Amino acid sequence: MKITAIILCAGSGSRTGLGYNKLFYNNGLGTVLDLTLTTFLSCERVGSVILTYSKKDKSQVAEITKTSDKITAALGGATRFESVNNALKASKGCDIVLIHDGARPFVTREIIDSAIDSAIQYGSGISAIPVVDTIKVTQNGIIKSTPDRSNLYSAQTPQAFRYDLISQAYNKATDNRQPSTNFTDDASVLEWYGTPPRLSLGSPDNIKITSPTDLAKLPSNCKIGLGYDVHRFAKDRKLILGGVQIPHPFGLLGHSDADVLTHAIMDALLSATGLPDIGVLFPDTDNAYKGADSIELLKKVTQKVTDFTIVNISCVIMAQAPKLSPHIQKMRIKLADTLNIKIDQINISATTTEGLGITATADQNGGIAASCNVLIRE
Ligand code: MG
């Protein structure tokens, strides 16, 4: 049995506000179309895939067709109906055809199999889920009626058909010059033809990506970074932590202002993004950074990590003295402001080290250490 999947990619995706076809949106783990294709290609029963495309996406689609012998492309039309009609002609010779919106990347093998099984047994399989909201029929903002919800379903894709059946329905609709805008899915073409289609398994997760919020539901690429720094106490220096000056008999020794917390944050961010650390970016042999305000350096680091958004930052300051709890909130505000994140995205705790280790003493022989974990999303 020959099974072909038509994947519709000829839309513009203007509602997502991307300025390009939303199917080519990449959240770090592949495009919307990649995710959709991967699932279809993982179904052994699906022998070939036809992508419909619009002219402006021709070169990108051509690249995709090179990635698998199973994939070919067919030029789409001005409407969904025309695109499917063209692709149906290109899939001549198959027994079962699946028609799927490329913008439904959360389709599963189970859903595809259910549609195929239904089409083999009954001639059609329309992925659908029961409606959970109460549906209102309206006119000019006024509710006219409330249909019985128990009989209402939301039709999704894939929609699978016996090839001869759906192609006859499309041919008849074309010959009868039916306005193609009458048909917002393929089941409605078959309904018009006079053959009631049959429902198959759908899923509430099998959403169609339409709005910018939907784009955020795509799996994204997260990376974690760790930064650590230590500076020794010194006389006649200011103690600056997280950009906040803290009253203390000792400051920290360093080429810059020796803001050990901000240094740990910078190194965590740089590490997560795979960039060289602050020792390389701001070498202590460079006079430009002598006495530098580390908050200004942090701003420079954030300008380098623009492809990422910060999920959260978690820091620990290790110091025998001074007591830091009265200053923590100020540090969070200063750092969040510099990083352009919300205060609840950055947390800072402080600990003594029980008089042990490199931060053991509160005098000039000791120092302060800071450690930072950051999670970023591409
Ligand atoms: Mg440092």
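The values are calculated or read from the model by the stated rules, or taken from the named source; none is laboratory data. What you see is a predicted model, and the numbers here were worked out from it, not measured in a lab. All Cβ positions, even for glycine, are placed from backbone atoms using ideal geometry, and neighbour counts span all protein chains on display.
Summary of values
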{"item": "Test: residue in the range 284-294 that is within 33 Å of the chain's Cα centre (by Cα) and over 24 Å from residue 352 (Cα atoms)", "result": "no"}
{"item": "Yes/no for residue 223 being closer than 30 Å to residue 369 by Cβ and either aliphatic (A, V, I, L, M) or within 16 Å of the ligand (Cβ to nearest atom) (or both)", "result": "no"}
{"item": "Residues of the range 257-291 satisfying the condition of being aliphatic (A, V, I, L, M), more than 13 Å from the ligand (Cβ to nearest atom) and not in a helix (DSSP H, G or I)", "result": "275"}
{"item": "Filtered residues of the range 186-202 (kept if out of contact with any Leu (no Cβ under 9 Å at 6 or more places or on another chain), buried (at least 17 other Cβ atoms within 10 Å of the Cβ) and assigned to a loop (DSSP other than H, G, I, E, B))", "result": "198, 202"}
{"item": "Extreme residue, nearest to residue 264 (Cα to Cα), among residues of the range 216-239 that are within 35 Å of the chain's Cα centre (by Cα) and not in a strand (DSSP E or B)", "result": "221"}
{"item": "Members of the range 226-239 that are in contact (Cβ under 8 Å) with a residue 24 or more places away in the chain and either of a type outside the set (Lys, Arg) or away from the ligand (no atom under 11 Å from the Cβ) (or both)", "result": "226, 227, 228, 229, 230, 231, 233, 234, 235, 239"}
{"item": "Residue in the range 294-303 that is within 11 Å of the ligand (Cβ to nearest atom), touching a Ser or Thr at 6+ places or on another chain (Cβ under 7 Å) and assigned to a loop (DSSP other than H, G, I, E, B) present", "result": "no"}
{"item": "Yes/no for residue 201 being within 16 Å of the ligand (Cβ to nearest atom) and touching a helix residue (DSSP H, G or I) at 6+ places or on another chain (Cβ under 7 Å)", "result": "no"}
{"item": "Any pair with Cβ under 9 angstrom, 6 or more apart, that starts in the range 252-267 at a residue that is within 14 Å of residue 324 (Cβ to Cβ) and of a type outside the set (Val, Ile, Thr) and ends at one that is part of a helix (DSSP H, G or I) and near the ligand (Cβ under 7 Å from one of its atoms)", "result": "252/260"}
{"item": "Filter result (assigned to a loop (DSSP other than H, G, I, E, B) and either within 14 Å of the ligand (Cβ to nearest atom) or touching a helix residue (DSSP H, G or I) at 6+ places or on another chain (Cβ under 7 Å) (or both)) within the range 240-256", "result": "242, 243, 246, 253, 254, 255, 256"}
{"item": "Selection from the range 319-349 of residues that are of a type outside the set (Gly, Ala, Ser) and assigned to a loop (DSSP other than H, G, I, E, B)", "result": "320, 322, 323, 324, 340, 341, 342"}
{"item": "Count of residues meeting criterion [loosely packed, with under 12 Cβ neighbours inside 10 Å and farther than 25 Å from residue 98 by Cβ] in the range 142-175", "result": "8"}
{"item": "Hey, residue 12 modelled with pLDDT under 95, out of contact with any strand residue (DSSP E or B) (no Cβ under 9 Å at 6 or more places or on another chain), exposed (fewer than 15 other Cβ atoms within 10 Å of the Cβ) and closer than 17 Å to residue 214 by Cβ or not", "result": "yes"}
